[in-house]
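Written out below as structure tokens is the structure these notes cover.
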Amino acid sequence: MEYILTAEEKHSADEYTSTHLHVSSEVLMERAALAAYDVLLERDLPLNKVCIACGPGNNGGDGLALARILAEKGYIADIVLPGGTEKMSETEKTQYLALLALCPDTEITPAVPQKEYSLLIDALFGISLNRNPEGLYLETIKAFNTLHDKGSFTVSLDIPSGVNASTGRVMGMAVLADITVAFAFKCIGNVLYPGAAFNNEVIRKDIGITDKSITSGPQVKALSDEDIVLPERIRYSNKGTFGKVLLIAGSKKMSGAAVLAANAAFRTGCGMVRVYTASENREILQETVPEAIVNVYDENDPLHEIEECFSWCDVVAIGPGLSYSDDAKSLVRFVFENSPVPIVADADALNIASDDPGMLINESRDIIITPHVGEMSRLTGLSVNDITEHLLDTALDFAESYNLICVLKDARTVIADPSKKACINLNGNSGMATAGSGDVLTGIIASLLAQGVAPFDAACRGCAIHGKAGDCASGKLGEAGVMARDIIEGIR
């Protein structure tokens, strides 16, 4: 697990490290610069024509310290100081004087010189930016992006200037970074879109700020590779040992979603899947998922076997391909009001619930919903644009208001629970933006729940497994070639 911090949390960790762990700001700045220098060497980046833009704060001090380290190695960088020296912090001013003492001929200008550069270092704002860049700062960002478009490689320190570290929002304009060197912890703005698009690759480097520097638990985490595993298998077991999923899915001429969700549940390790679906789907499900038990209902009689199914299962997944029919509405309401086991709700179950979101509130059992931003818009009444600009807050607020776990799907999926914990899934790729991908995720999460994984962990781990499986599929097929069935094949 890794923490993903807001700007405030990162500032607090920095201050605690200096004040209580007695690692001074000067030492942290030096270690940050050395970490950035290590990245330049590791990636064999060109160091002969370098321009470093430094703002009036610790991020600028990191840039000046890096310039001094480069000078010690024989590489003289041009320095851009859009704000001059008057507003420099004392720590940054020390780095400025040290650079001039070592290399008095350093070219220092308020604007980016009209030159060609092989490497640009962005140390303008770091995580402190809270308003749109203006004046020479904005002109510096524009100049860096113009040079980047012409082939200059760009490295940002901590976060590309212009990206809000706490939300990922772009503050008017931001530096397009090929690499971002995140010091100690990544910020939300490093990983949430639209800011993530300016962070092409994020490399986290330790500089002496550790988990011990965090005095209160961060709101947001991400799973590390070692966390993304299927539940352990017990040797002395049978098919009932690994859980039973009741999948209420599919409708007339809409069997594919049920097939995908059922196969995903099996592939993720659950022992038994029972599909409850419209009678027209019996044959295709028996042919395509012969491992599943299939129960069907006739039109206008959707509830006749549902209670018996409830007594059999460990978890209910409802929604994929269900349609918006009267039968579907009856099923969705009945499940939310009567299910004795945890529920995973997706797709049409959420579209139906959007007519009366109050049906989602129930204190007696766990509910996980998995809306994409369009479905979330229908549930909340918020515009898609509002949701995408406030993805984390939207998920957290909805989870708290309705006492459920919200898996809000986007290019970066956010998982939130009622206690204000959240997880951002860092796995996955554009190839997963394909029909049926959400049905696969529903099956994965339901399978993990059935196997006894705690609900929030099942949602977080399910999204990560889904993303890793999609990455496996895209590695074989290319992102454009990925289909939902390929994601299932990538589950390992």
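The values are calculated or read from the model by the stated rules, or taken from the named source; none is laboratory data. All figures in this text were calculated on a predicted structure; none of them were measured in a lab. Cβ sites come from the backbone with ideal geometry, for glycine too, and all protein chains shown count toward neighbours.
Any residue in the stretch 56-68 that is over 12 Å from residue 161 (Cβ atoms) sitting within a Cβ distance under 7 Å of a residue that is of a type in the set (A, V, I, L, M) and not in a helix (DSSP H, G or I)? List the pairs, counting only those 6 or more apart or interchain.
56/88; 62/123; 62/157; 66/52; 66/121; 67/52; 67/77; 67/79
Kindly evaluate residue 414 against the criterion of being buried (at least 23 other Cβ atoms within 10 Å of the Cβ), β-branched (Val, Ile, Thr) and out of contact with any His (no Cβ under 8 Å at 6 or more places or on another chain).
When the stated conditions are applied, residue 414 passes them.
Answer with yes or no whether residue 249 is assigned by TED's automatic domain parsing to the domain that holds residue 323, touching a Leu at 6+ places or on another chain (Cβ under 8 Å) and small (Gly, Ala, Ser).
yes
May I ask you to say which residue of 481, 467 is farther than 24 Å from residue 269 by Cα and free of Cβ contacts under 8 Å to residues at least 60 places away in the same chain?
481
Under the condition of being in contact with a Cys (Cβ under 9 Å, 6 or more places away or on another chain) and farther than 11 Å from residue 416 by Cα, which residue from the stretch 371-401 is surrounded by the most Cβ atoms within 10 Å (Cβ to Cβ)?
In this case the residue turns out to be 371.
When both residues are 6+ apart or on different chains and their Cβ atoms are under 6 Å apart, which pairs have a first residue that lies in the stretch 97-125 and is under 11 Å from residue 143 (Cβ atoms) and assigned by TED's automatic domain parsing to the domain that holds residue 47, and a second that is modelled with pLDDT of 95 or more and basic (Lys, Arg)?
Between residues of the stretch 97-125 that are under 11 Å from residue 143 (Cβ atoms) and assigned by TED's automatic domain parsing to the domain that holds residue 47 and residues that are modelled with pLDDT of 95 or more and basic (Lys, Arg), the close pairs are 117/49.
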